[in-house]
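*Asks:* Below you'll find the structure I mean.
The values are calculated or read from the model by the stated rules, or taken from the named source; none is laboratory data. Please read these numbers as outputs of a predicted model, since none were measured by experiment. Cβ atoms come from the backbone with ideal geometry, glycine included; neighbour counts cover every protein chain shown.
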Amino acid sequence: AQRVTQPEKLLSVFKGAPVELKCNYSYSGSPELFWYVQYSRQRLQLLLRHISRESIKGFTADLNKGETSFHLKKPFAQEEDSAMYYCALRGNYGGSQGNLIFGKGTKLSVKP
Amino acid sequence: ETGVTQSPTHLIKTRGQQVTLRCSSQSGHNTVSWYQQALGQGPQFIFQYYREEENGRGNFPPRFSGLQFPNYSSELNVNALELDDSALYLCASLKNRGAGGYTFGSGTRLTVV
C-alpha cells in the first residue's frame, strides 16, 4: 500500500528552537517525496523535493530509505514558519504517473 | 507566468444536485490533477488528465468525472451530490506528467446542504 503518515497533528515550538516535522511513508520501489506548505489563507506551495536536495527557507529533508522516513528539519524556527505542512509521495494509481499521496498534515506553531 | 486559477471560490449546493468546478492550468502545463481536501485532512487524489485524456484515478465513485480541454483548462463534475462531498477541491497542474512538483490553485470550497 502507498501511504504517508504524519504522526503529529500539531507541533508548537518557540522562536529560535529547532524544528523537526516527522513523515513516514510506505511505498514499493524508489519513492519521490515532497514537502508542501500552506500558510494561512494561501494556497499549497511546494517547499522542497527530495530529488533536488535543495534547502528552502532554511528547511531541509533527508530521505532515509531504511527507516522509510522523510523528516523536515530547520535548526532555528521563525514566527513566519507557522503554517500547515504536508508530506507527499508521488504515487502510481491505475498506471498513472504523477499523482500525489498526502499525509494529514502537521500544524506548526512558532511562538515568540 | 500565470498560476493556477480556480472558479468559483465558494459554492453552496443542495444534496442530489450536480456541480461543475473549473480550473485554468499554469501556462505550459499539460497535466492537471484534482484533489479533494476534507476538513482536517490532507488532499486526496481524485483523477489526473494528460493531454485531454484521463490517465489515473483515485478511489472516487464514477459520479466524479472530469474533462481537460485543448488549452489544458479542466473541469471537475460531481453528480448526485452527497453531504460528504462538502470539501475544498484543489486543482493542480504539472508541466509533464510524472516530473517535477505540482502547482496548486487556491481551491473551490463546496458546501452541500
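*Asks:* Show me the strands (runs of 3 or more DSSP E) found entirely inside region A:32-112 where at least 2 residues are within 12 Å of chain B (Cβ to nearest Cβ).
*Replies:* A:33-38, A:45-49, A:83-90, A:100-102, A:106-111
*Asks:* I'd like to verify a number: residues in region A:28-74 that are loosely packed, with under 14 Cβ neighbours inside 10 Å and either in contact (Cβ under 8 Å) with a residue 60 or more places away in the chain or among the small types (Gly, Ala, Ser) (or both), how many?
*Replies:* The number of residues fulfilling the criteria is 8.
*Asks:* Let me ask something else. Any residue that is among the β-branched types (Val, Ile, Thr), farther than 24 Å from residue A:4 by Cβ and touching an Asp or Glu at 6+ places or on another chain (Cβ under 6 Å) - is there at least one of those in region B:6-23?
*Replies:* The answer is yes, given that some residue of region B:6-23 is among the β-branched types (Val, Ile, Thr), farther than 24 Å from residue A:4 by Cβ and touching an Asp or Glu at 6+ places or on another chain (Cβ under 6 Å).
*Asks:* If you don't mind, another one. Go through (1) within 24 Å of residue B:47 (Cβ to Cβ); (2) away from chain B (no Cβ under 14 Å); (3) modelled with pLDDT under 90 and name the single condition residue A:26 misses.
*Replies:* (3)
*Asks:* Do we find that residue B:32 is farther than 18 Å from residue B:5 by Cβ, touching a strand residue (DSSP E or B) at 6+ places or on another chain (Cβ under 7 Å), of a type in the set (Val, Ile, Thr) and touching a residue at least 12 places away in the same chain (Cβ under 8 Å) in this structure?
*Replies:* So residue B:32 does not fit the description; no.
*Asks:* Within region B:1-100, considering only strands (runs of 3 or more DSSP E) that don't extend past its boundaries, which have at least 1 residues that are at the interface with chain A (Cβ under 9 Å from one of its Cβ atoms) and either touching a Pro at 6+ places or on another chain (Cβ under 9 Å) or surrounded by fewer than 20 Cβ atoms within 10 Å (Cβ to Cβ) (or both)?
*Replies:* Because the criterion is at least 1 residues that are at the interface with chain A (Cβ under 9 Å from one of its Cβ atoms) and either touching a Pro at 6+ places or on another chain (Cβ under 9 Å) or surrounded by fewer than 20 Cβ atoms within 10 Å (Cβ to Cβ) (or both), the strands (runs of 3 or more DSSP E) in region B:1-100 that meet it are B:31-37, B:44-50, B:53-57, B:87-94.
*Asks:* Checking the structure you have, find out if any residue of region A:41-49 is of a type in the set (Lys, Arg), at pLDDT 90 or above and within 29 Å of residue B:51 (Cβ to Cβ).
*Replies:* yes
*Asks:* May I ask you to list the residues in region A:1-10 that are touching a residue at least 40 places away in the same chain (Cβ under 8 Å) and farther than 17 Å from residue A:61 by Cα?
*Replies:* Selection gives A:2, A:3, A:9, A:10.
*Asks:* Then there's this: Within region A:76-85, does at least one residue satisfy the condition of being over 16 Å from residue A:23 (Cβ atoms), modelled with pLDDT under 95 and among the charged types (D, E, K, R)?
*Replies:* Scanning region A:76-85, I find no residue that is over 16 Å from residue A:23 (Cβ atoms), modelled with pLDDT under 95 and among the charged types (D, E, K, R), so the answer is no.
*Asks:* Residue by residue through region A:1-23, note down the ones that are more than 14 Å from chain B (Cβ to nearest Cβ) and among the hydroxyl-bearing types (Ser, Thr, Tyr).
*Replies:* A:12
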